[in-house]
Amino acid sequence: MGAPVSFAVQTNQADEAAEAIREGFGYRVAISAGELSYRQSVLVGDDVASAQLHLGAHLKLDLAPTDELMFVQLLSGTYRYDPWGVERELGAGASFLMPPGQQMSFEIDHADAATCAFSARTFADIARDVFDLDDFTLTEGVFAPGDPAKNWLWHRAADTYRASTLGDPAVYDSDLLVAESTRQLVVSAIVTFGLFEVPERTADGSAAVRRAMLYADERLRSPLTVEDLASAARLSSRGLTLAFQRERGQTPMQYVRDGRLAGARADLIAADPTRGETVTTIAGSWGFSNAGRFAARYAEVYGESPRATLAG
């Protein structure tokens with residue numbers, strides 16, 4: 001994973017500011033202002049971009065739609081804009097969302113702000129992993145955290161990501177740390193802004209875990225990998241493993257091994273040793289290639305050896 005790309009711009013020219021916004025954020029803007037003082041400092045990572053902005057003027061911007069979700073922390077000044085076609089005015093300390101796919105008009109009065117943005121694709125991938133959603137849409141009308149406590153939590157999450165992930169080369173050099181940090185940032189946005197209704201877990205687990213279990217149950221005698229189960233569940237391998245551990249206290253492959261062990265026990269009980277049926281052949285038919293490890297696990301679970309079960 002490469003280091004985040006950083007660049008800074010300072011200008012008092014409207015056309016230069018518009019170009020800086022286009023390059024830094026992907027927004028095509030038309031700026032209407034008298035005297036202008038504009039500064040931006042941007043860090044662009046693989047999945048998340050963050051910026052510090054100073055808009056020292058009273059200006060108006062028309063923004064074309066993008067596929068990004070941009071979150072703005074307003075540090076000073078005022079913003080007026082029209083998400084979902086509704087006029088909103090926010091002051092210092094507020095946080096707000098610029099929803100994807102919408103054309104919006106802004107009126108900004110001498111403001112300082114910090115932004116954090118990620119693509120709709122990143123948002124969707126993490127939402128599916130964490131919340132087991134096949135499909136979802138943004139809550140219509142959502143634009144700000146639900147209450148002051150959630151606003152504070154979002155500020156903390158965005159500031160921490162900016163400083164400790166994008167701003168720390170040692171952290172950003174680790175794919176695992178960046179992936180987990182990005183996951184936490186997106187989940188924080190979902191929960192604090194109420195981007196969609198988070199589904200409740202049912203008593204028998206999530207739909208993804210049930211899909212994986214059904215897929216495994218029907219193929220216990222066949223070779224299976226965690227990637228196979230994740231594909232059936234429509235999650236990433238990591239997402240499925242986390243879901244299994246959260247809901248069942250075991251990994252997907254532990255579930256498979258337990259199912260195979262139960263199948264082998266049923267066959268041992270039904271088997272007739274006089275017809276040449278052996279522990280080794282029965283264990284092998286359920287995918288256990290090491291007879292010693294099979295016998296040890298069997299005795300641990302069922303309190304007797306597989307030979308004792310076969311002998312009846």
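If contacts are Cα pairs under 8 angstrom and at least 6 residues apart, what is the relative contact order of the chain in percent?
On the way: 516 pairs, mean separation 37.8, N = 312.
Rounded, it is 12 percent for the chain.
Is it possible to state the helix-based mean residue ellipticity at 222 nm for the chain, with each DSSP H run of 4+ residues giving -39500 (n - 2.57), the sum divided by total residues, to the nearest 500 deg cm²/dmol? What is it? Don't skip to the end; give the middle numbers.
Working: 12 runs with 136 residues, N = 312.
When only DSSP H runs of four or more count, the value is -13500 deg cm²/dmol.
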How large is log10 I(q)/I(0) at q = 0.14, 0.17, 0.18, 0.20 Å⁻¹ when the Debye formula is applied to the Cα atoms of the stretch 201-312, each weighted equally and without solvent?
-0.61, -0.81, -0.87, -0.98
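For Ala30 and Leu75, compute 0.36 nm times the residue count separating them, minus their Cα-Cα distance, and round to one decimal in nm. Write down the numbers at each step before the final one.
Numbers: separation 45, 0.36 × 45 = 16.20 nm, distance 2.32 nm.
Extra length available between Ala30 and Leu75 comes to 13.9 nm.
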Which angle between 0 and 90 degrees, to the nearest 10, do you get for helix 291-302 versus the longest principal axis of the chain when only C-alpha atoms count?
80 degrees
Using alpha-carbon positions, what is the distance between the centroids of the stretch 85-154 and the stretch 249-312, in Å?
54 Å
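Work out how much length Arg219 to Asp15 would gain on full extension: take 0.36 nm times their residue separation and subtract the Cα-Cα distance, in nm to one decimal.
On the way: separation 204, 0.36 × 204 = 73.44 nm, distance 6.24 nm.
Contour length minus Cα-Cα distance gives 67.2 nm.
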Quick check: the angle from helix 120-131's long axis to the longest principal axis of the chain, C-alpha only, nearest 10 degrees?
40 degrees
Cβ-based net charge around Thr241, under 12 Å, with every Lys or Arg adding one and every Asp or Glu removing one
0
Hey, what angle do you get for helix 252-270 against the long axis of the chain, alpha-carbon based, 0 to 90 degrees rounded to 10?
20 degrees
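By how many nm would the segment from Glu197 to Ala3 lengthen if fully extended, with 0.36 nm per residue of separation less the alpha-carbon distance? Display every interim value, and only then the final one.
Details: separation 194, 0.36 × 194 = 69.84 nm, distance 3.45 nm.
Going from the current span to full extension adds 66.4 nm.
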Computed on Cα atoms, the radius of gyration and Dmax of the stretch 1-199 in angstrom are 16.2, 50
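Ser305: net charge of surrounding residues, Cβ under 12 Å, Lys/Arg +1, Asp/Glu -1, itself excluded?
Working: positive: Arg265, Arg297, Arg307; negative: Glu300, Glu304.
Local charge sum for Ser305: +1.
We did not get these values from a lab; they are worked out from the coordinates using the rules stated. Because the structure is predicted, anything quoted here is derived from the model rather than measured. Cβ: placed from backbone, ideal geometry, glycine included. Neighbour counts: every protein chain shown.
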